[in-house]
Amino acid sequence: MREISLHILDLVQNSISAAATEIRIELVENLTADIFELHIIDNGRGMTAEQVLKVTDPFYTTRETRPVGFGVPFFKATVESSGGKLQIESTPGEGTKISARMQHRHLNRPPLGNITETLQMLIMSNPAICFYYKHQVNENIFEFNSQELSGFINEFSGIDFAKLTEMKNYIEAHIRTLYEGINKIE
């Protein structure tokens, strides 16, 4: 995939499929130390130790619609080709944590991409799930949970495009402030 935000979308879909009711997405960009971290933590079904070992194999999947699952293996390849490491921790009945740490300026690290649209789509498509989002760039932090955005979501009247635009503007404005005054090529 060409953007981290698309990997996030794919990995969060796994959390949703695992019946998670809370999903935490955390991004840490330490430009000075050349570190990019991503953590996705859910309270879904979790996996056994054996499943955790197999989940990076593209020919292993618990999905019944097709015999392969490329999301986690592709993400692992992206992380490793970016000078990083992927770690997966999971406990049956408690949930899963996927953590990736890469070199921020590594030539192979994909750009973050449109994280605003990714978050917006996840929240609007899954109003019953509480999404927590934390994004840190050096010392600047933006965080919210989807319950705080409930004023933007009206699940009974369908998609309200004015509210959708409000949500997008809210998230974009706060993410933009993370980078204010920071030279991205430090």
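Here, each number is a calculation from the coordinates, and none is a lab measurement. Predicted, not measured: the structure shown is a model, and the values here were computed from it. As a convention, Cβ positions derive from the backbone with ideal geometry for all residues, glycine included, and neighbour counts pool all protein chains shown.
Tally Lys/Arg at +1 and Asp/Glu at -1 over every other residue whose Cβ is under 15 Å from the Cβ of residue 145; what's the total? Don't skip to the answer; put the middle values down first.
Working: positive: 24, 134; negative: 22, 26, 42, 143, 148.
Combined, the nearby Lys, Arg, Asp and Glu give -3.
Could you give the length gained by full extension between residue 10 and residue 34, i.e. 0.36 nm per residue of separation minus their alpha carbon distance, to one decimal place? Don't skip to the answer; put the middle values down first.
On the way: separation 24, 0.36 × 24 = 8.64 nm, distance 2.50 nm.
The span from residue 10 to residue 34 would gain 6.1 nm if fully extended.
For residue 95, enumerate residues with amide H under 5 Å from its amide H, sequence gap 5+ or separate chain, H modeled in the peptide plane.
Close amide H contacts, sequence-distant or interchain: 46, 47.
Per residue of the range 118-129, in order, report the coupling 6.51 cos²θ - 1.76 cosθ + 1.60 (Karplus, θ = phi - 60°) as ³J(HN,Hα) in whole Hz, putting x for Gly and Pro.
Per-residue couplings from phi come out as 4, 4, 4, 5, 4, 5, 5, 7, 9, x, 7, 8 Hz.
Taking amide H atoms as placed 1.01 Å from N in the peptide plane, list the residues 5 or more away in sequence, or in a different chain, whose amide H sits under 5 Å from that of residue 84.
Answer set, sorted by chain and number: 103.
How high is the FRET efficiency from residue 49 to residue 19, r the C-beta distance, R0 25 Å, rounded to 0.05?
Details: r = 20 Å, r/R0 = 0.80.
The computed FRET efficiency comes out at 0.80.
Computed FRET efficiency, Cβ-Cβ of residue 106 and residue 56, R0 25 Å: what is it to the nearest 0.05? Please report the intermediate quantities before stating the final value.
Working: r = 20 Å, r/R0 = 0.80.
For R0 = 25 Å, the calculated efficiency reads 0.80.
Counting DSSP beta bridges in the chain, what percent are antiparallel, to the nearest 5? It would help to have the intermediate numbers written out before the result.
Details: 29 of 37 bridges.
The antiparallel proportion sits near 80 percent.
So if I place +1 on the C-beta of Lys and Arg and -1 on the C-beta of Asp and Glu, and nothing else carries charge, what would the dipole magnitude of the range 4-178 be about its Cα centre? I want it in debye, nearest 20.
Values: 15 positive and 21 negative charges, 82 e Å.
Charge dipole of the range 4-178: 400 debye, to the nearest 20.
Percent of alpha carbon pairs in the range 70-125 separated by more than 15 Å?
Details: 952 of 1540 pairs.
Summing the P(r) tail past 15 Å for the range 70-125 gives 62 percent.
Mind listing the Cα extents of the chain along all three principal axes, in Å, largest one first?
46, 43, 25
Excluding residue 119 itself, what net charge comes from residues whose Cβ is under 11 Å from its Cβ, given Lys and Arg +1 and Asp and Glu -1?
Working: positive: 168; negative: 117, 172.
That works out to -1.
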